[in-house]
Amino acid sequence: MEKRTAVSYRNVNITGGFWKDRQALNRNTTIYAVEDRFADTGRFEAFNFDYTPGSDKPKPHFFWDSDIAKWLESAAYILAKTPDKRLQARVDEVVENVQKHQDPNGYFNIYHTVVEPENRFRLMDHHELYCLGHLLESAVALKEAVGDTRLLDCMSRYVDYVARVFVEEKSAAFKVPGHEEIELALYRAYRCTGDEKYRRLADHFINARGYDARSIGGWCLDNYCQNHMPVREQTEAMGHCVRACYLYAGMADAARYMDDPEMLDACRALFDDITLRKMYITGGIGSTHCGEAFTVPYDLPNDTAYTETCAAIALAMFANRMKDLELDAKYADTAELAMYNGILSGLSLDGVGFFYENPLELNLSDRTRHTTVRDPGERLPITRRKEVFDCSCCPPNVTRFIASIGDYAYSADGDAVYVHQYFESEAVFDGVTLKADTAYPADGRVVLTLKGAKGKTLYARVPGWCRRFDADKPCCIKNGYAAFTVGQDDETFTLQFDMPVITVCADPRVRANAGKVAVMRGPVVYCLEAIDANAPLADIRLPHDAAFSLKGSEFGLPSITVNAVRTQEFSVKSLYLPLSDVKSAPLPVTLIPYYAFANRSECDMRVWIGKC
Ligand code: FUB
Ligand code: ZN
């Protein structure tokens with residue numbers, strides 16, 4: 001089995017360009033904004049374990065631990081690069097509280113200590129193992145970032161306790177977590193410490209899934225938490241999208257650490273099912289709010305898309321693991337699509353607001369179309385980002401993703417160096433120093449300088465969206481990567497990815513996009529907002545030979561102007577007219593990067609636009 005080693009964000013410095021700006025915003029604004037909102041809502045205070053029923057303190061939610069854990073993990077990534085007294089003080093406060101309130105037997109969970117202690121490991125959907133997963137990830141992150149092992153020591157004891165309850169005594173009321181996450185976290189702890197106990201427990205939870213007679217039950221089927229069949233038999237992505245992709249990421253780790261080709265086959269099938277049948281053009285997943293879930297192939301409605309920010313992050317995590325198990329550019333292509341579109345749209349441009357759902361179409365007037373029934377049972381995504389949600393899983397997921405985005409760029413395997421993402425950056429790994437000079441994705445030119453790589457092969461991804469690629473040195477294309485022989489100790493390779501504005505069609509089986517096109521430039525999906533078009537969006541059509549121009553960079557990347565076409569108002573009073581009587585007129589419009597929608601005003605928006 002192929003096994004490349006991903007280069008850690010710790011060895012990659014983003015030195016300029018698109019992601020440097022986003023990391024600065026994350027470090028200077030977003031991390032504090034999330035901290036403040038989590039403080040206002042009682043999430044940090046909950047770690048004092050002093051809530052009592054009837055007190056005026058907010059009642060902890062059963063997965064508040066995970067919100068703070070993801071915030072801690074984000075803080076660790078930031079602290080790895082930049083000392084910060086405020087972040088460090090908050091990290092210390094949380095870690096000391098965990099040390100203080102962990103049960104002598106190792107158990108740690110706020111809700112099931114102060115609210116429902118009698119139900120520890122009795123309720124499959126109550127996220128204790130999910131919370132442990134996130135705490136364990138943050139513990140590993142703190143150790144690796146700043147050498148702080150305090151939290152890992154605590155979580156190591158909790159893992160021992162969980163192994164006792166779930167593997168030795170089998171005394172829990174369920175066999176596998178209702179919300180996956182602990183699997184990938186355990187493999188991560190194994191990778192960091194080399195301690196087999198983490199790998200054994202991860203293997204246990206992965207292998208036990210699909211055999212559990214007891215499931216969440218109630219309103220959802222077993223596929224909601226991917227417990228409908230053993231994981232090696234799963235070929236269709238089903239159920240809650242975040243749970244699914246966290247599991248699939250754990251399965252990719254399992255394939256790697258268990259050396260299990262059958263598991264890898266299942267991962268391949270699941271990945272293809274998602275990306276060929278169930279993924280939005282933005283890299284978002286989750287076609288319905290019902291169960292926050294996948295539905296059936298090609299069911300990708302735009303205005304009711306759920307496309308949770310966490311789900312796009314989870315997909316990127318899955319893809320990022322797969323790229324190191326099989327050389328195929330489709331994995332890094334998918335991670336790239338999610339990162340520039342369905343993930344980034346979850347964060348406002350000022351760094352303090354979040355979308356949980358990321359629809360591809362907003363129709364403000366449709367929100368009031370039901371005038372007769374009180375509760376039509378319809379649910380549309382919100383149209384303005386919020387600073388915090390009752391269920392606020394997405395904001396700290398965004399902060400950790402952006403702070404650790406360097407994890408996605410490079411891998412190595414001794415004989416070769418792999419470039420998966422193009423970030424202006426400097427990286428040192430495997431005895432090699434790699435410098436990438438580029439304005440990508442504003443521009444498709446990338447200059448890679450490698451020192452200490454003589455005799456190795458350089459694999460540089462040719463993005464799936466790119467139709468014309470040039471390089472200044474001979475290369476051959478292997479599974480979407482340009483392979484170059486590095487002949488000198490200090491060598492530069494210049495790559496040019498042609499990056500025109502293009503219109504894209506969906507597979508005709510995607511009913512929602514019939515007769516429509518989307519506009520992309522490089523990996524970035526564009527959208528049309530009503531404030532940039534003087535006509536109802538549903539009436540705007542793009543000619544097949546539309547001439548696009550780039551304009552400014554108000555949102556970090558150029559906007560796109562184009563002469564579209566709209567229908568003129570009917571000259572006679574009529575709701576319907578023969579097509580031959582209908583007149584059209586040119587209409588100049590401006591498209592902006594999808595990630596930037598809903599930042600200037602609340603207005604209609606669409607990614608998929610009519611074509612003519
Ligand atoms: O249940 C924990 C998190 O909250 C899930 O991952 C999200 O989908 C949201 O439901
Ligand atoms: Zn979320």
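A few comments on the model shown:
- Mean separation of Cα contacts under 8 Å, 6 or more apart, over the residue count of the stretch 507-612: relative contact order %: 41
- Summary value for the chain: 13 percent relative contact order, contacts being C-alpha pairs under 8 angstrom separated by 6+ residues.
- Our estimate of slack between ASP259 and ARG367, defined as 0.36 nm per intervening residue step minus the Cα-Cα distance, is 33.8 nm.
- Debye-formula intensities of the stretch 440-596, expressed as log10 I(q)/I(0) at q = 0.17 Å⁻¹, are -1.04 (one equal scatterer per alpha-carbon, no solvent).
- Taking a point 7 Å out from the Cα of ARG122 in the direction of its Cβ, the residues of the stretch 155-188 whose backbone N falls within less than 16 Å of it are 171-175.
- Per-residue Karplus couplings for the stretch 135-149, computed as 6.51 cos²θ - 1.76 cosθ + 1.60 with θ equal to phi - 60°, are listed in order as 5, 5, 4, 5, 5, 5, 4, 5, 5, 6, 6, 10, x, 8, 9 Hz, Gly and Pro entered as x.
- Trypsin sites (Lys or Arg not before Pro), loop per DSSP, at most 13 other Cβ atoms within 10 Å - longest free stretch of the chain: 215-368
- Solvent-accessible area per residue for the chain (1.4 angstrom probe, square angstrom): 38
- Length-normalised contact order of the stretch 168-321 in % [C-alpha pairs under 8 Å, at least 6 apart]: 21
- With a simple spin-label model that places each label point 7 Å from the Cα along the Cα-to-Cβ direction, the separation between SER584 and LYS3 comes to 5.8 nm.
- Amide H contacts of ALA293 (H built 1.01 Å from N, in plane; Pro and chain starts excluded): CYS241, SER287, THR288 sit under 5 Å, all sequence-distant by 5 or more or on other chains.
- Antiparallel %, DSSP beta bridges [both residues in the chain], to 5: 90
- Net charge of Cβ neighbours under 11 Å - reference ASN109; Lys, Arg +1; Asp, Glu -1: -3
- When the convex hull of its Cα atoms is viewed from all sides, the stretch 218-407 shows a mean projected area of 11.9 nm².
- For the chain, the extents of the C-alpha atoms along the principal axes are 79, 73, 48 Å, listed from largest to smallest.
- Sparse-neighbour loop sites [chymotrypsin sites (Phe, Trp or Tyr not before Pro); the stretch 514-578; at most 10 other C-beta within 10 Å; DSSP]: TYR576
- Summing charges over all other residues whose Cβ lies under 13 Å from the Cβ of GLU168, with Lys and Arg as +1 and Asp and Glu as -1, gives +2.
- Rg(Cα)/(2.2 N^0.38 Å) for the stretch 197-258, N = residue count: 1.10
- Taking other residues whose beta carbon is less than 9 angstrom from the beta carbon of TYR246, and scoring Lys, Arg as +1 and Asp, Glu as -1, yields -2.
- With at most 12 neighbouring Cβ atoms within 10 Å, loop GluC sites (Glu not before Pro) (DSSP) excluded, longest segment of the chain: 170-377
- Cα Rg, Dmax, the stretch 552-612, angstrom units: 15.6, 45
- Share of carbon and sulfur in the accessible heavy-atom surface of the chain [1.4 Å probe, %]: 49
- Between VAL167 and THR449, residue separation times 0.36 nm minus the direct Cα-Cα distance comes to 96.5 nm.
The values are calculated or read from the model by the stated rules, or taken from the named source; none is laboratory data. Just so it is clear, the model here is predicted, and its values are computed rather than measured. Heads up, the Cβs are rebuilt from the backbone with ideal geometry, glycines too, and the neighbour counts pull from every protein chain shown. Remember, those area values only see protein heavy atoms, side chains included, never the ligands or the DNA or RNA. Shrake-Rupley method; radii C 1.70, N 1.55, O 1.52, S 1.80 Å.
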